[in-house]
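The values are calculated or read from the model by the stated rules, or taken from the named source; none is laboratory data. These figures come from a predicted structure and were not determined experimentally. Using ideal geometry, Cβ is built from the backbone for each residue, glycine included, and neighbour counts are taken over all protein chains shown.
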Amino acid sequence: QVQPVESGGGLVQAGGSLRLSCGASGGTFSRYAMGWFRQAPGKEREFVAGISGSGVLKNYADSVKGRFTISRDNDKRTVYLQMNTLKFEDTAVYYCAAGDGIALHQSSNYRYWGQGTQVIVSS
């Protein structure tokens with residue numbers, strides 16, 4: 001099985017950028033779809049972006065389209081989330097997840113979850 005580990009969170013001003021990374025140990029990394037989800041205080045966890053094992057298919061939440069970019073490097077067993085033009089409402093704990101289904105936007109597609117990394121956007 002694969003175990004995701006997130007990094008790259010932190011404090012950033014609104015309008016700024018941040019890149020999250022998710023390394024995954026174990027398993028055949030390229031077999032897994034990878035997704036980013038987030039959970040803000042007092043809110044439910046929500047889908048942010050997903051990418052297929054090959055990297056060809058990508059999906060984004062409407063709230064981040066045009067601002068966030070998901071990518072992966074299978075040789076490095078890492079998936080990235082480039083976040084630009086950050087807004088206060090992007091503040092959340094961001095989770096990386098791995099799954100072997102094709103419904104990139106559905107949390108039920110993902111079996112393995114990281115511990116999360118905090119992103120705080122100051123207004």
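The set of residues in region 12-30 that are over 18 Å from Gln115 (Cα atoms) and in a strand (DSSP E or B) comprises Val12, Gln13, Leu18.
Cβ-Cβ contacts under 9 Å between residues 6 or more apart (or on different chains), taken from a first residue in region 70-88 that is closer than 15 Å to Tyr60 by Cβ to a second residue that is in a strand (DSSP E or B) and acidic (Asp, Glu), are listed as Val79/Asp73; Tyr80/Asp73. Criterion applied to Gly42, Gly26, Gly53, Gly35 was being over 18 Å from Ser122 (Cβ atoms) and touching a helix residue (DSSP H, G or I) at 6+ places or on another chain (Cβ under 6 Å), and the one residue passing it is Gly53. Within region 17-30, the set of residues being surrounded by fewer than 14 Cβ atoms within 10 Å (Cβ to Cβ), touching a Ser or Thr at 6+ places or on another chain (Cβ under 9 Å) and over 11 Å from Ala98 (Cα atoms) comprises Ser17 only. Of the strands (runs of 3 or more DSSP E) lying entirely inside region 83-123, not one contains at least 2 residues that are crowded, with 22+ Cβ neighbours inside 10 Å and modelled with pLDDT under 95.
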